[in-house]
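This report refers to the structure that appears directly beneath it.
The values are calculated or read from the model by the stated rules, or taken from the named source; none is laboratory data. Here the structure is a predicted model, which is why all the values come from computation and not from measurement. With ideal geometry, Cβ positions are generated from the backbone for all residues, glycine too; neighbour counts draw on all protein chains shown.
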Amino acid sequence: MTAVRFETIGAEAQPLAILDDFAPDPDGLRSFAMGADFTVALNHFPGVRAALPEAYLHAQLPVIAAAAAEAFGRAGPVTIVDASFSIVSTPAEALSVAQRLPHIDAFTEDRIALVHYLSPAGGDGTAFFRHRATGFETVDEARRDLFFRHLDIEMRHGGVPPPGYVRGDTRLFECIRTEPARYNRALLYRSWNLHSGAISPANPLLPDPGAGRLTVTGFLSIG
């Protein structure tokens, strides 16, 4: 049975739902991933992605909906915007500038991000950040222009981040929480939180679902 607990992130106290033992058959999901066709990801994800079993996320919607109602105060229907197996595998020196920074997945309150960890050893978790110049831990439509204007000025005058995954505190961002990975753990948080995978320098960045940082990443809309 899924065990759910609720935490908050940073000074803005944004909700974070942590769901352990999330899927009833994580080993079956891993087996499906072994035979899946992984291809280079779009939309700035630094690695590869593959399609999920059709029934997987739909079967989890009641658990997601219950956790979302408690964490985010949204009891409407859950819509799957996008979801896939994902493996971080891009070498540090090949990362784009955007991939070296914390990011936001969407700017509206209804959008929720899901990360489901499927590496038996646990591996790298997820980190959340505060932008030092603005103090923003989240970026919604009202903050969007100001945030990106500051970030652009900072990088034009101070230089872009060096090649590498963002980890811990940096010149531009303060790490305010790192949630560790655990096999069959899922996280739910608002997509407007500044966040990044907490990718260790020791991660070999293998695109192999049997050896790499295998996750399910999903983007949901909750009414």
Report task. Scan segment 90-103 for residues that are surrounded by 16 or more Cβ atoms within 10 Å (Cβ to Cβ) and more than 15 Å from the chain's Cα centre (by Cα) and jot them down. Result -> THR90, ALA92, LEU95
Report summary line: Restricted to segment 110-126 and to residues being at pLDDT below 95 and either hydroxyl-bearing (Ser, Thr, Tyr) or surrounded by fewer than 20 Cβ atoms within 10 Å (Cβ to Cβ) (or both), the residue farthest from ILE176 (Cα to Cα) is ALA121
Report task. Take segment 168-201 and flag every residue that is among the polar types (S, T, N, Q) and either surrounded by fewer than 19 Cβ atoms within 10 Å (Cβ to Cβ) or not in a loop (DSSP other than H, G, I, E, B) (or both). Result -> THR170, THR178, ASN193, SER196, SER200
Requested in this report: Mind listing whichever residues of segment 17-52 are part of a strand (DSSP E or B) and over 27 Å from ALA92 (Cβ atoms)?
Outcome: ALA17, ILE18, LEU19, ASP20
Query raised in the report: Residue check: is THR178 hydroxyl-bearing (Ser, Thr, Tyr), closer than 21 Å to PHE219 by Cα and out of contact with any Leu (no Cβ under 8 Å at 6 or more places or on another chain)?
Result: yes
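To keep it simple, each residue is scored yes or no on (1) in contact (Cβ under 8 Å) with a residue 60 or more places away in the chain; (2) out of contact with any Ser or Thr (no Cβ under 7 Å at 6 or more places or on another chain); (3) farther than 28 Å from ALA211 by Cα.
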| site | (1), (2), (3) |
| --- | --- |
| ASP82 | yes, yes, no |
| PRO102 | yes, no, no |
| PRO120 | yes, yes, no |
| GLY125 | yes, no, no |
| ARG132 | no, yes, yes |
| ARG143 | no, yes, yes |
| THR170 | no, yes, yes |
| ILE176 | yes, yes, yes |
| ASN193 | yes, no, yes |
